[in-house]
Every structure is written in C-alpha cells, then in structure tokens.
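Read-outs: derived from the displayed coordinates by stated rules, not from any lab. All values derive from a computational prediction rather than experimental measurement. Cβ: placed from backbone, ideal geometry, glycine included. Neighbour counts: every protein chain shown.
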Amino acid sequence: MIGSLGRKRRYRIRVRVIPGVVVLDLASDGVKSQLTSEQVSELQRKWGDVDMFSDVFDNLGTAGQVLVLRDRQATDKVFVVGNTHLFFHRNATHVRLLQAHLLAMAVKHELDRFQGANVFICGDFNSFPDSGVVEYLSSGMVPGNHKDWYYGPQFKWDSQDCADIDEVVDESAYHEALVDEPEWGERDELFGLGGEVKRMQPEKVDMDLGVELHHGIPGLRHTDLPQYTNAVCNFKAVLDYIFYTPRLTPVWSLPGLTDDDIEACKGGLPYTCYGSDHVMIATEFEIST
C-alpha cells in the first residue's frame, strides 16, 4: 500500500507492468554488458592469474529482476523495481560489489527511459551494513581501493565449490573479519565454504585491486535497519535491504528479528513455523507529490 503525502487518506495502488520486464544475468553476460571494456581489462590486469570469467563469473547462476510498474489510477506515477539475491561466499565481497553494480545499472537504464520514476532496489544482498555493497548503493560510488575488492586476485569458484556450500560452518566471526583488515593464519579456515583462495603475503598486497564504480541513481538510501534479518548457525546479522529514492517516505516496516526472537527459535532459523533462515522485510511508503 502506498499513500500520497499531503492527503489524509491512503490508497491501494493498482499497477500494470509496462512491457520490458528484465531478468538480469549477474554472471558473465551481465559483467560483459554492464562493465566497459576498460573496466574489464583493468580488473583482469589487477587480478592476475584469476580469470574473472572462467574462474568465477562463468560458474555463477545468480540473477536479478528489473520491472517497471505504472499506477493505473495515477498514470504519472511510475516505479522501477530491482530485486535480487546476491552470491554468498566469505571471500566474495568483490563479486557481490560487481553484482550490485550490474543490478543498479539495469535499474538506471529503465530510470533513463522513464524520467522521474520512483526506484526500489531490494533483496537479500548477503552484505553487512558497513559493506561495500551498501556503501555503493547508498552513496552512488565505490573506489577501486575499497577493502571489499581485496579477494579479487585470490578467489576462484567452480562447479565443485557449488556442491560444497551446504556444509555447516561456524560463521560467528564473519563480521569481525570483514570490518577489520584482512586476517592471516588459521582463523581464516573458519570460512572455508568451498572456493579456492590462494594466500598472498601481506607485504605483496596492493589494496587498489578494483575499479571505481558509479551508478548514477540520485538520492538512493535504505530503510531503517531492524536488529537482524538473518539468524543461523550461531550467526545473526542484517543482510537484506530495501533501497528507495527521495520522493518515497517510509511510514511503517515489519520489525525484523530480535535477540528474544532468536532465543525463542532455539538459537536461529529455520524453525518449525518458519522455513527460511531470513525473515521477510517489508515497508509501507508514502509518495510525495
């Protein structure tokens, strides 16, 4: 339900889908279509022995969806909506950063077609509030020396790795390892969810391992964050977000998970009455006129 600022009543919008719904490939085809040849060449050069296509993106099945909706009653109100579930691996922050860019650029393409449209970008981003993904979508840019590019020259992902990701792993230290400088030693073995990671010596690491990205969607921000949106295997965090543009005003949101909720569910999700390790997030917005 979306309301209109300045009016006392709210109304339920009826929308129709404008032709041109896009199912966006967030693997190799998406990279090739949304990054410039100069950006691809720069990443290939910086990542050395890791081929970003054959070693990583050719082996991903991640997708995003972008659709354009128009209010049937107020036909001047158009909404461009991007939704996704980004790839997860402890050492794939750079992959998620690129996937977020691919989705944002696809949304921007539709925004250019429908000038003045309202924008939502939402989903399971598998990213913490202090991650490069959230910083990028919120600020509009990310530099090439951001910490989330760190594993670009090391991370590989193949079909065998896909078969290994169901192993139960203690992720309790996940947040600390991402916030601080990269850790070295046995502690990193906690995060062995498949994927080949070639260790480099710290003195040889050049932190300028990415490319500068811009998405060009003005004023994008996320709704207020709940305490948690995910809780599983001794791990709890906010990983899911709703981003929106300025003429939309959040008026109500589902509460998310709390510590009490997690305790009541015997320490995490899924639980007997809830089949996912993520809770649904939803927000009601008003539209300024």
Full-stretch length increase - GLN227, ASP49 - with 0.36 nm per residue and alpha-carbon distance subtracted: 60.1 nm
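For TYR274 and HIS85, FRET efficiency with R0 = 25 Å and r from the beta-carbon atoms, rounded to 0.05? Each step should come with its number before you reach the end.
Working: r = 18 Å, r/R0 = 0.71.
For R0 = 25 Å, the calculated efficiency reads 0.90.
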Mean projected area (nm²) of the alpha-carbon convex hull when the range 15-103 is viewed from all directions: 6.8 nm²
Ranked packing of 140-148, 246-254, most packed first, by mean Cβ within 10 Å: 140-148, 246-254
Set LYS77/LYS236; LYS147/LYS266; LYS32/LYS156; LYS32/LYS77; LYS77/LYS108 screened for pairs whose C-alpha atoms are more than 27 Å apart: LYS77/LYS236; LYS147/LYS266; LYS32/LYS77
Pair ASP208, GLU284: separation of 7 Å Cα→Cβ label points (nm): 5.1 nm
LYS32 paired with VAL251, simple spin-label distance in nm, labels 7 Å along Cα-to-beta-carbon: 4.7 nm
Pair GLN65, ASP260: separation of 7 Å Cα→Cβ label points (nm): 3.5 nm
